[in-house]
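What follows is a single structure, written as structure tokens, with notes after it.
Read-outs throughout are calculated quantities, based only on the coordinates presented, and are distinct from any laboratory measurement. Owing to the predicted nature of the structure, the values given are computational and were not obtained by experimental measurement. Please note: Cβ atoms are built from the backbone with ideal geometry, for glycine as well, and neighbour counts cover all protein chains shown.
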Amino acid sequence: MKSAPFDYHAPSTVEETVRLLAGLGDAKVIAGGQSFVPLMALRLATFEHLVDLRRVEGIRGIEDRGDHVWVGAATTQATAEHDAIIAAKVPMLAQALPLIGHFQIRNRGTIGGSLAHADPAAELPAVAVALDATFEATGPNGQRGIPAADFFDATFTTALDEGELLTGIRFPIWAGRCGFAVEEVARRHGDFAIAGAAVGVQLDDSGAIERCAIGLFGLGSIPERALAVERTVIGNAAADVDTAELGRLAVDDLESIPSDLNGSAAYRARIGAVVVSRAVTRTITIAHDRARTEAPRG
């Protein structure tokens with residue numbers, strides 16, 4: 001099939017884009033198009049106007065801003081995947097990016113596009129939720145920041161208002177003895193995850209867990225944060241954590257796990273518990289290794 005007819009617009013500034021979105025009515029923003037173009041081709045999504053962001057200035061790039069890394073929404077996934085700042089400062093994001101589709105997809109797909117598309121089985125929304133990222137949105141009333149915890153409303157639905165444009169994402173930098181891991185199970189490499197977990201752990205000087213973040217994807221209508229489970233491990237010695245039990249508890253706290261052709265809710269729950277356990281185990285190992293590396297030598 002072919003897409004329904006539409007009018008094409010290619011603005012060059014954020015301000016021009018916002019004016020177009022406010023004035024056109026039935027309009028859709030397109031960045032890399034890796035998720036949206038197939039929907040258009042199948043006529044599962046139709047819009048009278050398509051607003052292409054490829055010429056828009058100021059929404060690409062990666063910057064270390066001290067306490068966070070800013071990533072322009074139109075930055076391609078491949079650019080971020082191979083970026084030294086991302087690798088050093090936001091390791092969870094660096095681990096998630098190679099899991100997205102295949103390299104051809106990442107060459108065109110954008111960071112902001114994946115986040116704004118809000119597929120609950122995608123890796124980047126769970127990373128953003130786990131790291132407490134902030135989304136920068138620009139609209140007719142100016143710019144505002146949206147916490148990741150408030151950004152995802154439902155499947156393919158976000159808190160962006162009518163006429164607002166996602167322009168950048170701020171990923172907080174974790175310092176100290178930290179470990180990060182992204183684990184998932186998919187039918188084939190490059191497929192959306194049946195279940196996955198994005199986990200970060202920070203240890204204090206005694207080896208106890210000082211900070212923990214567990215983001216879940218593929219297990220609900222939005223990326224989930226296992227906040228109650230995170231709180232149970234704070235202050236515990238990392239060596240004493242029962243990661244299998246932690247994985248089970250993280251999944252048990254979920255209100256509704258979906259069933260589809262890729263797996264039943266029960267199957268997803270079993271996989272979800274396993275990927276959380278694997279991710280937590282790996283983060284603790286990485287954090288311990290980092291602690292040994294940083295330990296003073298007598």
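Here region 40-77 is scanned for amide nitrogen atoms under 16 Å from the site 7 Å beyond the Cα of Asn107 along Cα-to-Cβ, giving 76-77. Report the trypsin sites (Lys or Arg not before Pro) located in region 241-298 that are in a DSSP loop and have at most 16 other Cβ atoms inside 10 Å of their Cβ, or state none. Filter output for region 241-298: Arg297. Spacing of the modelled spin labels on Ala149 and Glu48, each 7 Å from Cα toward Cβ, amounts to 4.0 nm.
On the principal axes of its alpha carbon atoms, the chain extends 65, 45, 33 Å, with the longest extent given first. For region 162-223, a crude dipole built from +1 on the beta carbon of Lys and Arg and -1 on the beta carbon of Asp and Glu, taken about the Cα centre, is about 160 debye to the nearest 20. Placing dummy labels 7 Å off each Cα toward the beta-carbon, the span from Thr232 to Arg187 is 3.3 nm.
Annotation: average projected area of region 7-52 is 3.1 square nanometres, based on the convex hull of Cα atoms across all directions.
The helix-only estimate of mean residue ellipticity at 222 nm for the chain, built from DSSP H runs of length n ≥ 4 each weighted as -39500 (n - 2.57), is -10000 deg cm²/dmol after division by the residue total.
Centroid-to-centroid, using Cα positions, region 201-228 and region 83-125 are 19 Å apart. Available extension along the chain between Asp260 and Ser221 is 12.8 nm, counting 0.36 nm per residue and deducting the alpha carbon span. By the gyration tensor of its Cα atoms, with a ≥ b ≥ c the square roots of the eigenvalues, what is the shape of region 177-294: rounded for a/c under 1.5, prolate for a/b over b/c, or oblate? In terms of gyration-tensor shape, prolate.
This ranking places Lys28, Lys2 by how few other beta-carbon atoms lie within 10 Å of each, fewest first, which gives Lys2, Lys28. Sort region 74-207 into rounded, prolate or oblate with this rule: let a ≥ b ≥ c be the square roots of the eigenvalues of the Cα gyration tensor; rounded if a/c is under 1.5, and if a/c is not under 1.5, prolate when a/b is larger than b/c, oblate otherwise. Cα axes put region 74-207 in the oblate bin. Protection proxy ranking for 51-58, 168-175, 68-75, 195-202, using the average of other Cβ atoms within 10 Å per residue and placing the highest first: 195-202, 68-75, 168-175, 51-58.
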